Amino acid sequence: MEAVENILKRRSIRKYTTEKIDADTMHKLLECGMAGPTCVNARDWAFIAVDDNELLAKLAECNGRPAGMLPDAAAAIIVCGDLSRAFPRAKDYWIIDASIATQNIVLAANAMGIGTVWLGTYPQMERVEKIEKLLELPEEIVPLAVIALGYPAEEKPDDKFIYEESRVHFNKW
């Protein structure tokens, strides 16, 4: 799938088949997450791949009602910031860096025929703290997002209108 087409056709998929995601595919998704740019090349992210059904259900509880599809997902990737590697003069760049990694994973998955939902965790601290506790994360690791992954059992229309001319300004407001 061509890059622009992939971006424009990506949709959040919340219903999945029972097909599992193999280790090579998961590795490729994680590699794509790591391929994005980071502030001063800090690579200030960390990833937790989950394919255990019990743990997926517990992650759903941590992230609340919007994560209702997680127990039926084939897997999830939790994208985290690693504050020990963050740019010292502006540590919050980890949020941007981890978001880029998340977007790379979502787009790569779409190109590979895998459906995803980006489930926001940070900055909702109740969700962050629940996931930190569940996964026994070290203090310097902060979960940004949970990506639900699975082969689609639903189709979304391609005709979603995205471009909003009124939101664009050239050279000045």
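The values are calculated or read from the model by the stated rules, or taken from the named source; none is laboratory data. Please read these numbers as outputs of a predicted model, since none were measured by experiment. Here the Cβ positions follow ideal geometry from the backbone for every residue, glycine too, while neighbour counts run over all protein chains shown. Side chains included, ligands, DNA and RNA excluded: accessible areas come from the protein's heavy atoms. Shrake-Rupley method; radii C 1.70, N 1.55, O 1.52, S 1.80 Å.
A 1.4 Å probe run over the protein chains yields, for the chain, 59 Å² of accessible area per residue, whole-number rounding. Of the residues Trp94, Gly81, Val168, the one whose Cα sits farthest towards the positive end of the charge dipole of the chain is Val168 (charges of +1 on Lys and Arg Cβ, -1 on Asp and Glu Cβ, taken about the Cα centre). The charge dipole of the chain, taken about the Cα centre with unit charges on the Cβ atoms of Lys, Arg (+1) and Asp, Glu (-1), comes to about 480 debye, rounded to the nearest 20. Taking Cα atoms of region 52-171, Rg/Rh with Kirkwood Rh, to two decimals? So for region 52-171, dividing Rg by the Kirkwood Rh gives 1.03. Largest mean-square fluctuation among Asp44, Asp22, Asp159, in a Gaussian network model of the chain whose springs join Cα atoms under 10 Å apart, belongs to Asp159.
Over all distinct Cα-Cα pairs of region 1-115, the Kirkwood formula returns a hydrodynamic radius of 15.1 Å. Out of Asn63, Asn110, Asn41, any idea which swings most in a Gaussian network model of the chain, alpha carbons joined below 10 Å? Maximum fluctuation in the GNM of the chain, among the listed residues, is at Asn41. Once you have a ≥ b ≥ c as the square roots of the Cα gyration tensor eigenvalues for region 115-173, tell me rounded if a/c is under 1.5, and otherwise prolate or oblate according to whether a/b is larger than b/c. Note, shape of region 115-173 comes out oblate. Estimated from helices alone, the mean residue ellipticity of the chain at 222 nm is -11000 deg cm²/dmol (sum of -39500 (n - 2.57) over DSSP H runs with n ≥ 4, per residue).
Between Asp52, Asp24, Asp92, the Gaussian network model of the chain with springs among Cα atoms under 10 angstrom shows the greatest mean-square fluctuation at Asp24. Set the bar at 18 Å for Cα to Cα. Now go through Lys58/Lys133; Lys20/Lys130; Lys20/Lys160; Lys15/Lys156 and name every pair that lies beyond it. In this structure, Lys20/Lys130; Lys20/Lys160 exceed 18 Å between Cα atoms.
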